[in-house]
Amino acid sequence: MDRLRIVGGKPLIGEVEISGAKNAALPILFASILSSEKSVIRNIPLLADINTTLKVLDSLGLKTLFKLENHTIEIDGSTLNSHEAPYELVRTMRASVLVLGPLLARRKIARVSLPGGCAIGARPVNFHLEALEKMGAVFNIEAGYIDGAAPNGLKGSKIEFPFPSVGATENILMASVLAEGNTRIENAACEPEIVDLAIALRSMGAKISGEGTPIIEVEGVKALHGMNHSVAPDRIEAATYLCAGLITKGKVTVTGINENFMKSPLSLLKESGALISSTANSITAEYVKPLLPLRITTEPFPGFPTDMQAQFMALLTQANGESVISETIFENRFMHVPELTRLGAKIDIKGNEATVKGPVSLSGAIVMATDLRASASLIIAGLIAKGETIIRRIYHLDRGYEHIEQKLIKLGAEIYREHEK
C-alpha cells in the first residue's frame with residue numbers, strides 16, 4: 001500500500017493539464033455495451049476506476065484495448081456474451097450499477113452486485129430500479145445481487161425523479177436509447193457529465209434532446225453503431241488544483257478546460273478574494289490578498305458540487321474569518337474533518353453544517369484518507385502545513401486523480417509517493 005509524504009510551505013506556480021473526467025468516462029465506457037460494433041473513446045484518465053470498469057467490460061465478454069500512450073480505449077461490442085457484473089469487480093466502485101440500463105436494453109437481462117465505492121453515505125439504487133420498472137423491468141435483490149429482467153424489452157415511459165440523481169439519470173438515459181417508443185426524464189440531473197454522455201450516445205445514433213436541462217427527451221431506436229468520442233475535462237480535478245495554488249499563496253493555471261464547466265466554484269473563489277482569469281482553454285487562480293470567509297451550500301449542478309466541498313474546506317482554514325459549509329447531498333461527507341483537525345484545523349460540526357475558523361497555522365501529522373475527495377483535501381492542507389504530512393490509504397486518491405503527485409511536483413510542491421508495508 002502506498003502513502004504520500006508532503007513537505008509543506010512551497011508556493012505552487014505554473015500550469016497543469018487537466019485530464020478527462022472520471023465521472024464522465026465511466027458511464028460512457030458502460031454505454032459501449034449498447035452497440036455490437038467497435039467504439040473508440042479518447043481522453044481517458046489513467047485511474048483505478050477506469051481499470052476496474054475495463055475488467056467489468058471484459059467479464060461481460062467485450063474486448064477492450066487501452067492505449068495508454070494516447071489515453072484511448074477501443075471496445076469491441078460484438079463479443080458481449082454475459083450479463084453478470086460480479087462482486088469481486090464492482091465492490092470498490094459505485095458507478096458499476098450503470099451496467100444495469102445498458103444490459104437490460106441490449107440483452108434484456110442483468111445480474112449486478114450491489115456496488116461499493118467511497119463511504120460517504122447511503123446512495124441507494126432505488127431511483128434506478130423504480131425508473132427501470134416503469135420501463136418494464138422486474139427486479140429481485142438477494143444475496144447482495146440485483147437480478148433484473150425485461151423479457152418483453154424496455155418500453156419508453158415518463159420518468160420523474162424525486163431528486164436529480166446523476167447516476168439514475170445516466171442509467172435511464174442509456175436504457176431509453178434502445179427502448180421501444182419515447183422516454184421523458186423529468187427532474188433529470190443537469191451536470192456536464194450528463195451532457196457528455198448524451199453527446200457520446202448521439203455519436204452512436206441515439207436520438208436525445210434536452211440534456212443539461214431538467215427535462216430530457218429520448219426517442220428509442222432499434223440499434224446503435226459504435227461511438228467515436230472524446231471525454232470532457234474533469235472540472236473537479238481543475239478546481240482542486242486551483243485551491244491548492246491559492247492555499248500556498250501561489251498562481252496556478254489549469255489548461256484543457258473552460259470556465260463554463262466551473263461557474264459556481266470560480267464565483268466562490270472570486271468572492272474569497274482570489275484573482276481569476278480565463279481563456280477559451282484555461283483558467284488561472286492567483287493569490288493577491290488574504291482570503292475572505294465563505295458560506296457554501298452543496299447543491300446539484302449548476303450549484304456548488306459536493307465533490308468540491310472537502311477541498312474548499314481545506315482552503316478555508318486559511319480564510320480570515322468564519323466560514324460555513326452546508327452539505328445537502330450526502331449525509332456522511334464530513335469524514336475528513338477529524339483528519340484536518342489533526343493538522344490543526346478548527347472546524348465545528350452541527351448536523352450537516354460545518355463551521356471553519358481561520359486563519360490557522362497547520363502542522364504536519366500522519367493522517368488517513370477516508371474517501372476520494374477527502375484525500376485531496378488532506379493534500380491541499382498538507383501543502384501549507386509546517387513540517388511533514390503523511391497521508392495513508394491513498395488508494396482512494398488513485399480512483400479519481402491521474403498522477404496527482406507528478407502534477408503537483410511540476411507546480412513546485414515537495415511531495416513523494418512511498419510504499420509502506
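The values are calculated or read from the model by the stated rules, or taken from the named source; none is laboratory data. In this text the structure is predicted, and so the values were computed from the model without any measurement. We place every Cβ from the backbone using ideal geometry, glycine too, and count neighbours over all the protein chains shown.
Out of Ser209, Ser165, I need the residue that is without any contact (Cβ under 8 Å) to a residue 12 or more places away in the chain, touching a helix residue (DSSP H, G or I) at 6+ places or on another chain (Cβ under 9 Å) and either closer than 30 Å to Ile283 by Cβ or among the basic types (Lys, Arg) (or both). Which one? Steps first, please.
Working: Ser165 fails: without any contact (Cβ under 8 Å) to a residue 12 or more places away in the chain.
Going through Ser209, Ser165 in turn, the sole match is Ser209.
Quick check on my filter: what residues within region 356-415 are over 26 Å from Arg295 (Cβ atoms) and part of a strand (DSSP E or B)?
Taking region 356-415 as the starting set, the residues that turn out to be over 26 Å from Arg295 (Cβ atoms) are 363-369, 386-415.
Ser363, Ile366, Val367, Met368, Lys386, Glu388, Thr389, Ile390, Ile391, Arg392, Glu414, Ile415, listed by residue number.
List the residue pairs whose Cβ atoms are under 6 Å apart, where the first residue sits in region 247-258 and is part of a strand (DSSP E or B), the second is of a type in the set (D, E, K, R), and the two are 6 or more positions apart or on different chains.
Here the result reads Lys251/Glu286; Thr253/Glu15; Thr255/Glu15; Thr255/Glu17, each pair linking region 247-258 to a residue that is of a type in the set (D, E, K, R).
Look at region 19-58 and say how many of its residues are of a type outside the set (A, V, I, L, M) and assigned to a helix (DSSP H, G or I). Let's see the steps before the verdict.
Taking region 19-58 as the starting set, the residues that turn out to be of a type outside the set (A, V, I, L, M) are 19-20, 22-23, 27, 30, 32, 35-39, 42-43, 45, 49, 51-53, 55, 58.
Those still in the list that are assigned to a helix (DSSP H, G or I) too: 22-23, 27, 30, 32, 49, 51-53, 55, 58.
The qualifying residues number 11.
I need the full set of residues from region 1-56 which are polar (S, T, N, Q) and crowded, with 23+ Cβ neighbours inside 10 Å, in order please.
Just the residues of region 1-56 that are polar (S, T, N, Q), to begin with: 19, 23, 32, 35-36, 39, 43, 51-53.
Within region 1-56, Ser19, Asn23, Ser32, Ser35, Ser39, Thr53 qualify.
Quickly run through region 386-400 and pick out the residues that are out of contact with any helix residue (DSSP H, G or I) (no Cβ under 6 Å at 6 or more places or on another chain) and either outside the structural domain of Asp371 (by TED's automatic domain parsing) or among the charged types (D, E, K, R) (or both).
Across region 386-400, the qualifying residues are Lys386, Glu388, Arg392, Arg393.
Working carefully through the options Gly101, Gly136, Gly148, Gly117, find the one that is in a loop (DSSP other than H, G, I, E, B), modelled with pLDDT of 95 or more and not assigned by TED's automatic domain parsing to the domain that holds Leu372.
Values: Gly101 fails: in a loop (DSSP other than H, G, I, E, B); Gly148 fails: in a loop (DSSP other than H, G, I, E, B); Gly117 fails: modelled with pLDDT of 95 or more.
Exactly one of Gly101, Gly136, Gly148, Gly117 is in a loop (DSSP other than H, G, I, E, B), modelled with pLDDT of 95 or more and not assigned by TED's automatic domain parsing to the domain that holds Leu372, namely Gly136.
Select from region 177-202 the residues that are closer than 23 Å to Asn152 by Cβ and either free of Cβ contacts under 8 Å to residues at least 60 places away in the same chain or among the basic types (Lys, Arg) (or both) and list them in ascending order.
Once the filter is applied, which keeps residues that are closer than 23 Å to Asn152 by Cβ and either free of Cβ contacts under 8 Å to residues at least 60 places away in the same chain or among the basic types (Lys, Arg) (or both), region 177-202 yields Glu180, Gly181, Asn182, Thr183, Arg184, Ile185.
Matching residues to (1) more than 21 Å from Phe301 (Cβ to Cβ); (2) buried (at least 23 other Cβ atoms within 10 Å of the Cβ); (3) not assigned by TED's automatic domain parsing to the domain that holds Thr298:
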| position | (1), (2), (3) |
| --- | --- |
| Ala239 | no, yes, no |
| Ala244 | yes, yes, no |
| Leu266 | no, no, no |
| Leu275 | yes, no, no |
| Ser282 | yes, no, no |
| Ala285 | no, yes, no |
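Please go through region 2-18 and pick out each residue that is closer than 30 Å to Glu74 by Cα and part of a loop (DSSP other than H, G, I, E, B).
Result: Ile18, single match.
On the basis of being within 16 Å of Thr248 (Cα to Cα) and either without any contact (Cβ under 8 Å) to a residue 40 or more places away in the chain or out of contact with any Ser or Thr (no Cβ under 8 Å at 6 or more places or on another chain) (or both), does Leu269 make the cut?
Yes: the conditions hold for Leu269.
Looking at region 326-334, is at least one residue surrounded by fewer than 24 Cβ atoms within 10 Å (Cβ to Cβ), in contact with a Gly (Cβ under 6 Å, 6 or more places away or on another chain), part of a loop (DSSP other than H, G, I, E, B) and charged (D, E, K, R)?
Taking every residue of region 326-334 in turn, at least one turns out to be surrounded by fewer than 24 Cβ atoms within 10 Å (Cβ to Cβ), in contact with a Gly (Cβ under 6 Å, 6 or more places away or on another chain), part of a loop (DSSP other than H, G, I, E, B) and charged (D, E, K, R).
Farther than 27 Å from Asp76 by Cβ, at pLDDT 95 or above and within 18 Å of the chain's Cα centre (by Cα): is that true of Arg184 in this structure? Before you say what the answer is, go through the steps one by one.
Working: farther than 27 Å from Asp76 by Cβ: yes; at pLDDT 95 or above: yes; within 18 Å of the chain's Cα centre (by Cα): no.
So Arg184 does not fit the description; no.
Give the residues of region 52-81 that are closer than 13 Å to Ser35 by Cα, polar (S, T, N, Q) and in contact (Cβ under 8 Å) with a residue 40 or more places away in the chain, sorted by residue number.
Result: Ser78, single match.
Can you tell me which residue among Lys346, Lys357, Lys350, Lys386 is more than 19 Å from Val324 (Cα to Cα) and either surrounded by fewer than 24 Cβ atoms within 10 Å (Cβ to Cβ) or without any contact (Cβ under 8 Å) to a residue 60 or more places away in the chain (or both)? If you could, list the steps in order and put the result at the bottom.
Working: Lys346 fails: more than 19 Å from Val324 (Cα to Cα); Lys357 fails: more than 19 Å from Val324 (Cα to Cα); Lys350 fails: more than 19 Å from Val324 (Cα to Cα).
Unique residue meeting the criteria: Lys386.
Against the condition under 24 Å from Asn260 (Cβ atoms), assigned to a strand (DSSP E or B), at pLDDT 95 or above and more than 14 Å from the chain's Cα centre (by Cα), how does Ile199 come out, does it pass?
Working: under 24 Å from Asn260 (Cβ atoms): yes; assigned to a strand (DSSP E or B): no; at pLDDT 95 or above: yes; more than 14 Å from the chain's Cα centre (by Cα): yes.
So Ile199 does not fit the description; no.
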